[in-house]
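The structure appears below as structure tokens.
The values are calculated or read from the model by the stated rules, or taken from the named source; none is laboratory data. Model, not experiment: these values are computed from the prediction. We place every Cβ from the backbone using ideal geometry, glycine too, and count neighbours over all the protein chains shown. Accessible surface areas use protein heavy atoms only, side chains included; no ligands, DNA or RNA. Shrake-Rupley method; radii C 1.70, N 1.55, O 1.52, S 1.80 Å.
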Amino acid sequence: MKRHPVEPGKLVAGLVVLAVATVYGLDAAGEWDVRTLVPLMVLVGGLCVAGVVSALTYLARRKRARGTESPTP
């Protein structure tokens, strides 16, 4: 069975989008009274955090791949 690598940046992005969708759903149902710009700012900030997490994951994997290579004489 072929395995795929874990991608924490996509996990963070998905959780942020899910949270914003939940807030909009609660606002549409009348449960919460949320200003329109607040979830949008949270979405933009969360996607920026997801980008940073993806970049850090890429750098960590790249560093680990370089460290495991055997030196050639």
Filtering trypsin sites (Lys or Arg not before Pro) in the chain by DSSP loop and by at most 16 other Cβ atoms within 10 Å leaves LYS2, ARG3, ARG35
To the nearest 20 debye, region 8-68 has a Cα-centred charge dipole, built from +1 on Lys and Arg Cβ and -1 on Asp and Glu Cβ, of 820 debye
Note to self, the chain gives a 222 nm [θ] from helices alone (DSSP H runs n ≥ 4, -39500 (n - 2.57) apiece, / all residues, nearest 500) of -26500 deg cm²/dmol
Heavy-atom accessible area of region 8-68 with neighbours in place, 1.4 angstrom probe: carbon+sulfur share in percent works out to 71 percent
For the chain, the charge dipole (Cβ of Lys, Arg +1; Cβ of Asp, Glu -1; about the Cα centre) points to a positive end, and the Cα of ALA19, LEU40, SER54 closest to that extreme belongs to SER54
For region 19-33, Karplus-derived ³J(HN,Hα) couplings (6.51, -1.76, 1.60; θ = phi - 60°; whole Hz; x for glycine and proline) come out as 5, 5, 5, 5, 5, 5, x, 5, 5, 5, 7, x, 6, 10, 10
Residue-normalised value, i.e. accessible area per residue, for the chain at 1.4 Å probe, in Å², stands at 86 Å²
Among (i) 54, 14, 11; (ii) 39, 13, 5; (iii) 28, 15, 9, the value of semi-axes √(5λ) of the Cα gyration tensor in Å computed for this structure carries the label (ii)
